[in-house]
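The values are calculated or read from the model by the stated rules, or taken from the named source; none is laboratory data. Everything quoted here is computed from the prediction, not taken from an experiment. Glycine also receives a Cβ, built like all others from the backbone with ideal geometry; neighbour counts cover every protein chain displayed.
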Amino acid sequence: MAKKKAETRGKTIAENRKARYNFAIEDTFEAGLMLVGTEVKALRSGKANIAESYVSHENAELWLINCHIPEYVQANRFNHEPRRPRKLLMSRRDIDRLSQSIARDGMTLVPLKLYFNERGIAKLQIALAKGKKVHDKRETEKRRDWNREKARLLRDRG
């Protein structure tokens, strides 16, 4: 059992790759998750999805909405609901700062990565971000394509 736990430490479970394409990331934060036992077991198997999820600020608390953690197969009737809202654990000062940025600047909180830290605790990396317009997305794509082409040309030349 100890060997398996050591393998999952520092391991990325799920990543939201579209977030960096759809949003301009301003700042990132690390938050803990309030999970039940079967959710932790299901996360250790590495099958979670945060692609369509978002972070909501309600009643001075942060909630992870629409994150899919599949049911743990070995737990029969004591299983969890796969898409239930999960409370995020952060310091009061950080939550207040984030809520002010959301209200004042029209920014949004986007989950970037779900992972186990070095102590084996499930953490969520969230970002304070602003939505990109269509022309910004095209500009990002052009820049990425040009960098790829430039690297290819430099590699071919020697």
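Okay, here's what the table says:
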| read-out | value |
| --- | --- |
| Matching entry among 84, 104 (being closer than 30 Å to residue 137 by Cα and free of Cβ contacts under 8 Å to residues at least 12 places away in the same chain) | 104 |
| Those residues of the stretch 23-61 which are more than 11 Å from the chain's Cα centre (by Cα), surrounded by 14 or more Cβ atoms within 10 Å (Cβ to Cβ) and closer than 19 Å to residue 131 by Cβ, in sequence order | 23, 24, 56, 57 |
| So residue 154, is it among the aliphatic types (A, V, I, L, M) and either within 18 Å of residue 22 (Cα to Cα) or surrounded by 14 or more Cβ atoms within 10 Å (Cβ to Cβ) (or both) | no |
| Sole residue being surrounded by 13 or more Cβ atoms within 10 Å (Cβ to Cβ), charged (D, E, K, R) and at pLDDT 85 or above, chosen from 83, 17, 9 | 83 |
| Test: residue 40 is free of Cβ contacts under 8 Å to residues at least 24 places away in the same chain and out of contact with any Lys or Arg (no Cβ under 7 Å at 6 or more places or on another chain) | no |
| Odd one out for residue 74, checked against (1) more than 19 Å from the chain's Cα centre (by Cα); (2) polar (S, T, N, Q); (3) surrounded by 14 or more Cβ atoms within 10 Å (Cβ to Cβ) | (3) |
| Counted residues, the stretch 26-51 - those being charged (D, E, K, R) and over 28 Å from residue 76 (Cβ atoms) | 3 |
| Complete set of residues in the stretch 20-41 that are farther than 23 Å from residue 127 by Cβ, part of a helix (DSSP H, G or I) and of a type outside the set (S, T, N, Q) | 37, 40, 41 |
| Residue in the stretch 101-150 that is surrounded by the fewest Cβ atoms within 10 Å (Cβ to Cβ), counting only those that are among the hydroxyl-bearing types (Ser, Thr, Tyr) and modelled with pLDDT under 90 | 140 |
